[in-house]
1. Which of rounded, prolate, oblate describes the stretch 83-123, given a ≥ b ≥ c as roots of the alpha-carbon gyration tensor eigenvalues and a/c under 1.5 marking rounded, otherwise prolate only if a/b is larger than b/c?
2. Between rounded, prolate and oblate, where does the stretch 11-123 land on the alpha carbon gyration tensor, with a ≥ b ≥ c its root eigenvalues, rounded for a/c under 1.5, else prolate if a/b exceeds b/c?
3. Looking at the stretch 23-68 from every direction and averaging, what is the projected area of its Cα convex hull in nm²?
4. What residues have an amide H closer than 5 Å to that of Phe32, excluding those fewer than 5 places away on the same chain, when H is modeled at 1.01 Å from N in the peptide plane?
5. Would you mind calculating the relative contact order of the stretch 51-122 from Cα pairs under 8 angstrom and at least 6 residues apart, reporting the percent as a whole number?
Amino acid sequence: MQTTATVPVTTPAVDPALPLELLELELSLDGFSGDEASFAEAVRQAADQVGGDFLFDLPASGLAEDCLRIAALRVPKGENGALAIVFALLDAEDATIRVENPDETTKDLKRFADAFVDVLQRI
């Protein structure tokens, strides 16, 4: 169900100093008003707006609590142009997207994303 209401993007409460690349990405996702079906396209557009890359999205399947989908992205980090893997997560109510750095619970998914990038670079 798609609505036109503006839905705020949430940030994890444990990370008060959000890195600039995540802040820019979250601002690009601000106002997401779609659903599970439109999640990938919204995240793809946000990644493009910050000069990043949408890698893939998949069902969260327990990788993150109370989430339906998780997308892996590469976004610019710092001034040297390096790209870092981050995750965009659609909450269980289809209402908000939060952006997180990989952590202990998503370390395996980060390794998969790194391998995915490696394969793409070899093609």
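1. Values: a/c = 2.74, a/b = 1.99, b/c = 1.38.
Taking the square roots of the gyration eigenvalues as a ≥ b ≥ c, the stretch 83-123 is prolate.
2. Details: a/c = 1.34, a/b = 1.19, b/c = 1.13.
Taking the square roots of the gyration eigenvalues as a ≥ b ≥ c, the stretch 11-123 is rounded.
3. On the way: hull surface 14.1 nm².
Computed as one quarter of the Cα hull surface, the answer is 3.5 nm².
4. Here Val7 satisfy the definition.
5. Details: 117 pairs, mean separation 17.7, N = 72.
25 percent.
Since every read-out is calculated from the coordinates, none of them should be taken as a lab result. Quick caveat: nothing in here was measured; it's all calculated off a predicted structure.
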